[in-house]
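Each remark here refers to the structure printed beneath this line.
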Amino acid sequence: MYWAHDFADRAQTGWFMAMLDDDAEPDGRPPVRLAVSDDIAALVADSAHDRAGWLAQAQTVELVSAPAALEAAERALERMLDCAG
C-alpha cells in the first residue's frame, strides 16, 4: 500500500495497493486504487489552491487518511484471497 500525489496529474492522487511477487517486486498487475475517504476526492478536484497549497493539503490528507487506508487495504486483500481460494 502506498500514497501518491501529483499536482499536475491529480487523477494519480490517492492510496493504492500493488501486489508483489516472490522477490518483493511488483508482479505486473496494475495498482488498485483504494476507496478511502471523500477528502481524497475533494483534493483531486481542488483547483482553488496554488501548487504549494495543494501539496500541503495533499500531505495533510495523507496523514489523516492513513488509518482508513490500512483498513481499506486489508479489506481489498481479503477479497483478493477469497477469490483465489
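The values are calculated or read from the model by the stated rules, or taken from the named source; none is laboratory data. Computed from a predicted model, the values in this text were never measured in an experiment. Here the Cβ is made from the backbone with ideal geometry for all residues, glycine too, and neighbour counts use every protein chain on show.
Filtering region 1-29 to residues that are among the hydrophobic types (A, V, I, L, M, F, W, C), in contact with a strand residue (DSSP E or B) (Cβ under 7 Å, 6 or more places away or on another chain) and not in a loop (DSSP other than H, G, I, E, B) leaves Trp3, Ala4, Trp15, Phe16, Met17, Leu20. Cβ separations smaller than 8 Å between residues 6+ apart or across chains give the following pairs from region 60-73 residues that are assigned to a helix (DSSP H, G or I) to residues that are among the hydroxyl-bearing types (Ser, Thr, Tyr): Val61/Ser37; Val64/Ser37; Ser65/Ser37; Ala68/Ser37.
Scanning region 30-52 for residues that are over 13 Å from the mean Cα position of the chain (by Cα), surrounded by 10 or more Cβ atoms within 10 Å (Cβ to Cβ) and not in a helix (DSSP H, G or I) returns Asp46, His49.
Of all the criteria given as (1) surrounded by 14 or more Cβ atoms within 10 Å (Cβ to Cβ); (2) at pLDDT below 95, the one not satisfied by Phe16 is (2). Just one of (1) of a type outside the set (Lys, Arg); (2) out of contact with any Phe, Trp or Tyr (no Cβ under 7 Å at 6 or more places or on another chain); (3) closer than 16 Å to Ala11 by Cβ; (4) modelled with pLDDT of 95 or more fails for Trp54. It is (2). Within region 1-36, the only residue that satisfies the criterion of being touching a residue at least 60 places away in the same chain (Cβ under 8 Å) and over 14 Å from Ala76 (Cα atoms) is Trp3.
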